[in-house]
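Down below is the structure, laid out as structure tokens.
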Amino acid sequence: MEASILPQIKALEPHQNGPIRFATNKKIGSKSKYFAVSAGQDKKMVYYWMDESNQLKFDEKSVDAKLDGSIGWYDDLLYAGQTHDNLGELENKFHLNCLSFPNALKLSGLRNFIYEVACLDCSNDGKFVVAGSTDFTVFSIELENGKQVGHNRHDIDEVPECIRIDPTNKYFALAFHNSTISIYNLKSDVDDLGMEDSSTVATIDITKKSFLGKGDVSYAMTWSNNGDTLFVPTQGCVKIISSGGWCQAGLLLAGNATSDFFNLSCLSPCGEQLVASTITGMIFVFGIEKRECLRFFENPTVQLTSIIWNPFGEKQLVVADKENKVYSFSIETTNAFPRQSEPKKTKRIMIEEDSDTEQMDTIDSKSAVSEDFGFDDENTNMSADLGKIKEKYGFDKSSGEFVSKSSNKVEETIVKYEKYRPPALPKPFGICSTPRAHDGCFLKWNKVGTVKKFCTDDGEDYLEFNFHDISIHAEITVQENGNKWSMADISNSAIAYASSGSPKSSSKLIVNYFASWDYSSRNWECHMLEDENIVGLCIGDDFIAVATSSRIIRIFSLAGTQLDMFGYSGPFLTMICSGNNLLVVTIVGGPIQDEDNYEFAHKINWYFIGNKKNKTLSIPLELSAWSTLRYLSFTEDNQLISMDSNFVFRVLQNATLNWLPILNGKELIVGCGDSIWPTTIAGDTHLIRYIYVRNYKYPSVSSNTNNPLSAKWKLPILDGDTEKSQFESELMFNQMFKHLTATGKITNILKLFAVACTSNRLVRATDATKMCETGKHISTLCNYAAKEKINLLVEKVSEIGRNMDQKVTNCKSVFGDDLNLSEIAPSKPRISFQDKTPIIVKVPKRVFPKSPHVPIQPVVAAMQDLSSNDYGDSSSFTTNYSEPPKGEIKQSASMDVLSIDTCQSESGVSSSFNPFKKTSQNNLSSLKISEDLSNVNYFDELGTPTESASTTFGNDNSRKRPLIDATQGIPSQKQAKLSFGGKPSGYDLWKKAVHDGLVEQYNGDKTESAFERYTGHKFKQLPPGERKKWADKANT
């Protein structure tokens, strides 16, 4: 069959280096004069258009970095891979950038790669861009106005060659150098859990011969306009792959190119014709409906690198070849392989008779013989087209392989109904674990250490247990040996690791109890029942909890004794341990959906292991909208912290069981596609330790840059930049976590009060007044309002103070001689913790003689000056305050306290101080203790104002005697004596009265010191008036 020769057309040379690749505008109805854009291996973006004489023209724009030859176009946005040359650095940087059209200016960077971008494509709605790099990674990026809002990563084993997104925006096809095609979901069905489904939907073999492996052959497949068919160029033909079952539905054959390889394909705008080219330069035009070759052209010298249809003229093609030349030509879609003439009514066949004589017989052309064997040559006896016979019975003409049952096509209208697929449940995962990658993954990262799983090319994977404190234990390495360990945990006493079951082996748990005093009890293992797989694992203080697929929680001792077992409801998600507390997170109910998103409700089942008296708690887990759980952990002081897939951190308030947002992690993320991965939470310092991950969701197990960073808790307060909001945030934070001292709290209240007075917001000033806890603080605010001459505010603040004084009086009248012990004893907490953390004992502030006076903050200094003045009749609510002489230290009756670890002198010098060290007689003689403090017990003094420091309302003449007399010189304080015998204190009397009730409520460590801490904590929670009452009883 003779081929058509391409007309001699003047070629354009828009690029200096190639290969050149085209892209057309994916947005339908574009009004731009340009119909195509191309990218090569240079710094030029080239746009193509047709002039009035139907001649191909181009315009070019320079870009800031060299293009990698990959290009995508939607509306006024261009997507291109670029290489940035870094002067002075050994390595270049490779980026996927978003550029403006037609100026080619960089708008944003979407993704960074280790090597250059090999191929990319954008969706028909402009919401997705898929890019593949030679670093064996592919990213499906979700966009909004050209900016990234989400992404999915796919780790591949071959270099990508071509990416095509289907018109329905559901799948994308990815061709590799090993001549295979993989189909992926454009958007993962499983949302951000750390275990999203990035597996392939289907895999298609292009050909058995890897003709793409040379790396110098451009390849391009194409989808049909409705997305139900994928056209795959291969050897001698173009395969038609149906998206219904990802099987071959037919072939587009070229009779004279059966041994040639097709590498490029492109569908016409109308969707009725397909153009394909071979690696030898031949161009074929096929009809889709009848699956026949309409025309072919031959260019025997140069291979093509890209080919497109002109959308403004369906009979015009634009091609680029390996010599970096671009040209266009028109085609006439006449049948290149004319059909054979219609068979006549009669045909001649040879029939062999018994008499060995030949006889001509006439049979109808519609007879079975003619129909079955397809005779088509009237001039030759018994001649037939073997290719048609093979095709009629379902065999391929060229290869002879069986394709389908029959080639007889019955035209019928098929209506496809997509089957409803419910949202996929989140998969179980371990806290601080990562999905498996090609180099391995993290199985655990906690405050004790890390558990890493390393994957090797020879299949000899192994686990590595590393302790942050090597004094606990040295590094432990465990070979996998085909067990496929999928979860692990590490603690100060033991390590545990488990495998999921398989058809050949059951699920298994292995524990190394290295802290055991009995060497033979250190290592043990346990196999689950048949069809029971381990889905969760964690280690507590003295137990190991295992969650199984049978919805059973199994409790083991560290030595392997089965202690308990109970069931849980709902699909399992994750679990954690702290002390004797076990938390299991499950899914509750069905999905909550809208048009594009869905979410599941989460529930926490709170178990108290080893204590049958405490009931199991069920707490709803609060997450952001359309998100799921990513992190859950206890702090060192037993505060429960969670983080969802939107990087919002929350803390559970144990008193109210409400979740409080403490940090929006998105504020910590700088680059597009970056994320944070929390490791530990410090509750005492209110810090979140995390690893900043670039270009991915999870840290790499083999990376050397996994250095944790820290971020301070930050409440999402409104107008956070204003001074008023900062004070409000500090006070609100203190109300929830009690991190401020008494002086720090009143300082913030005074600042908030001053801001309200300055802005003439008097009601806000009264709101600040109600935050005060003592009458002395209210008196200070009243004096400040009087100095500012706001008489109305003075009256309101005085009224608040009088109401507070009345409440204190009423409380004293309630607890008389007939005391109800049930009212005094603290109520049983809703959540109890086994607290083994050391308690910091607070002692009175140590005063150093002859220490210079330290200037106090301006607002506090103003407060002191105000309180020293007498406003007479301006307010009936007054307080007594005397300015200490120079060189003296002002002390309040509340006695500011410091940590036992260090005491800081007024000169700023820190010195070690042991409050339990016996003081020598010489030192005792140099100390002068206030008479009011000498007889007050330590527990009574904490937070309890003495009578000399109490405030009197409504009496101007009732002045208080200063706690420290200036005429006595500079006094010093010593630590309040701890009572070990002799005269009982108020604390001792109270403890004796409510001892039985406390023992019943206490469920912590069975040690005397732990119970003493618990008792002291409960005594300090009593109202100040109640503690004063018990102190008075002790004195009398």
* To do: Could you sort out which of Lys666/Lys738; Lys93/Lys187; Lys751/Lys776 sit more than 22 Å apart by Cα distance in this structure?
  => Lys666/Lys738; Lys93/Lys187
* Net dipole in debye of region 979-1036 [+1 Lys, Arg Cβ; -1 Asp, Glu Cβ; about Cα centre; nearest 20] -> 260 debye
* Asked: Among Asn152, Ala173, Gly281, whose Cα sits farthest toward the positive end of the charge dipole of region 9-330 (+1 at Cβ of Lys/Arg, -1 at Cβ of Asp/Glu, about the Cα centre)?
  -> Gly281
* Highest mean first, what order results for 620-630, 536-546 on Cβ atoms within 10 Å? -> 536-546, 620-630
* Structure fact -> From fewest to most C-beta neighbours within 10 Å, the residues Glu289, Glu1026, Glu773 line up as Glu289, Glu773, Glu1026
* Structure fact -> Expressed to two decimals, region 714-785 has a Cα Rg over Rh, using the Kirkwood radius, of 0.95
* Using θ = phi - 60° and the Karplus relation 6.51 cos²θ - 1.76 cosθ + 1.60, list the HN-Hα couplings for region 508-520 in order, rounded to whole Hz, with x at every Gly or Pro. => 9, 10, 10, 10, 10, 8, 6, 8, 5, 6, 9, 4, 6
* To do: Would you work out which of Ala1031, Leu998, Tyr987 lies farthest towards the positive end of the dipole of region 979-1036, given +1 charges on the beta-carbon of Lys and Arg and -1 on that of Asp and Glu, about the Cα centre?
  => Ala1031
* Asked: If you wrap a convex hull around the C-alpha atoms of region 655-785 and split its volume per residue, what is the figure in Å³?
  -> 141 Å³
* Asked: What's the exposure ranking of Lys612, Lys93, going from fewest to most Cβ atoms within 10 Å?
  -> Lys612, Lys93
* For Gly683, which sequence-distant residues (separation of 5 or more, or a different chain) have an amide H within less than 5 Å of its own amide H, given hydrogens modelled in the peptide plane? -> Glu636, Asp637
* Asked: Tell me, what is the Rg over Rh of region 9-330, with Rh the Kirkwood radius over Cα pairs?
  -> 0.94
* Percent of Cα-Cα distances greater than 17 Å, calculated over region 431-532 -> 54 percent
* Efficiency of FRET from Cβ geometry, Asn481 and Val302, R₀ 51 Å, rounded to 0.05 -> 0.35
* Asked: Whole-Å semi-axes of region 35-142's equivalent ellipsoid, largest first, each the root of 5 times a Cα gyration tensor eigenvalue?
  -> 25, 17, 11
* Under unit Cβ charges (Lys, Arg +1; Asp, Glu -1), what dipole magnitude, rounded to 20 debye, does region 9-330 have relative to its Cα centre? -> 760 debye
* Once you have the alpha carbon radius of gyration of region 979-1036, what is it after dividing by 2.2 N^0.38 Å, with N set to its residue count? -> 1.15
* Put +1 on the Cβ of every Lys and Arg and -1 on every Asp and Glu Cβ in region 9-330; which of Gly250, Thr24, Val319 then has its Cα farthest towards the positive end of the dipole? -> Val319
* **Taking region 533-573 and dividing mean pair separation by its residue count, relative contact order in percent (alpha carbons under 8 Å, at least six apart)** => 29 percent
* To do: From the C-alpha gyration tensor of region 523-631, pull out the three semi-axes of the equivalent ellipsoid (sqrt of 5λ each), sorted largest to smallest, in whole Å.
  => 28, 16, 11
* Among Thr548, Thr203, which comes first, second and so on when ranked by fewest other beta-carbon atoms within 10 Å? -> Thr203, Thr548
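Read the figures in this text as sums done on the coordinates, not as results from a lab. No experiment lies behind these values; they were computed from the predicted model shown. We place every Cβ from the backbone using ideal geometry, glycine too, and count neighbours over all the protein chains shown.
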